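Only one structure is covered here, and it is reproduced in the block below.
The values are calculated or read from the model by the stated rules, or taken from the named source; none is laboratory data. All values reported here derive from a predicted model rather than from experimental measurement. FYI the Cβ positions are ideal-geometry reconstructions off the backbone, even for glycines, and counts take in every protein chain you see. Side chains are part of the model used for accessible areas, which takes the heavy atoms of the whole protein and leaves out ligands, DNA and RNA. Shrake-Rupley method; radii C 1.70, N 1.55, O 1.52, S 1.80 Å.
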Amino acid sequence: MKIYQVEELVGITKKNIRFYEDKGLLNPDRNPENDYREYSLEDVKLLEKIKLLRKLSVPIEEIKLLETGSLSMTQCMNQQIERLEKEQLNVQVMKEFCERLRENTPDMSSLNASDYLLEMDKMEQEGTKFKDIENMDINKKKKTGAIAAAVIIGIIMLLLLVLIFYGIFAASVPLLSMLVPIITIACILIGTVVVLVLRIREIDKGEELEAMKY
């Protein structure tokens, strides 16, 4: 079957399917006549397994070990449970920090951030993980850039539409002769909105960023 069929069956985007192939988790056969990928039902079942494990935040490398038999499911789940327990502990630590700030710091001007940051640095060296603000800020920057680009394209296209309609009504340019550019601009505007929505979803849920954590 074709990749779009697999995408519909499993609910994984084509981009992520290709990503799993690049990481060696999936190796579909190729049609000898045109070298196109041909996905089997076994590939679909494997993708479902990968999707399940990734939803549980199992690292890519551990999934590869599971596939080769170098890691048992029991070992994998024990390791994942241990990671989740550490995450729970991290959340509890952050909660305690928040409670201390609430009790000891009435306003921003009285916040002694240096002492807290030194304490956090020491705890991070011992294994505690606080929020990855760098990655959050990068994602925010990416979203801002995508939105800004879409707005600029939208403004340019709208200005072109204004010029076209000005030519039609003020300069008596035949409407029929302007249909093609009007339709083209409308398609560009719609396409820009679609691409922007997909890009924001990709930033929010991008598999590449998830994999980089491991």
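Numbers below:
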{"item": "Net charge over other residues, Cβ less than 13 angstrom from the Cβ of Asp121 (K, R count +1; D, E count -1)", "result": "-2"}
{"item": "The chain: angle of helix 113-125 to the longest principal axis, Cα-based, in degrees nearest 10", "result": "70 degrees"}
{"item": "22 Å Cα-Cα threshold exceeded, pairs from Lys64/Lys122; Lys23/Lys51; Lys2/Lys143; Lys15/Lys49", "result": "Lys64/Lys122; Lys2/Lys143"}
{"item": "Asn27/Ile200 FRET efficiency (R0 25 Å; Cβ-Cβ; nearest 0.05)", "result": "0.20"}
{"item": "Placed amide H near Glu38: partners under 5 Å, 5+ positions off or other chain", "result": "Asp29, Arg30, Asn31"}
{"item": "Solvent-accessible ranking of Ser110, Ser172, largest area first, probe 1.4 Å", "result": "Ser172, Ser110"}
{"item": "Surrounding net charge for Pro28, when Lys and Arg each add one and Asp and Glu each subtract one, Cβ distance under 12 Å", "result": "-2"}
{"item": "Degrees, to the nearest 10: 133-169 long Cα axis against longest axis of the chain", "result": "10 degrees"}
{"item": "Global geometry of the chain, whether rounded, prolate or oblate, following the gyration tensor of its Cα atoms and the 1.5 cut on a/c", "result": "oblate"}
{"item": "Carbon and sulfur %, accessible surface of the chain computed with the full protein complex present, 1.4 Å", "result": "61 percent"}
{"item": "Simple spin-label estimate for Lys55 and Ile183 in nanometres, 7 Å along Cα-Cβ", "result": "4.3 nm"}
{"item": "222 nm mean residue ellipticity, helices alone, for the chain (DSSP H n ≥ 4; -39,500 (n - 2.57); rounded to 500)", "result": "-25500 deg cm²/dmol"}
{"item": "FRET efficiency, 1/(1 + (r/R0)^6) with R0 25 Å, evaluated for Lys143 and Leu111 via beta carbons", "result": "0.35"}
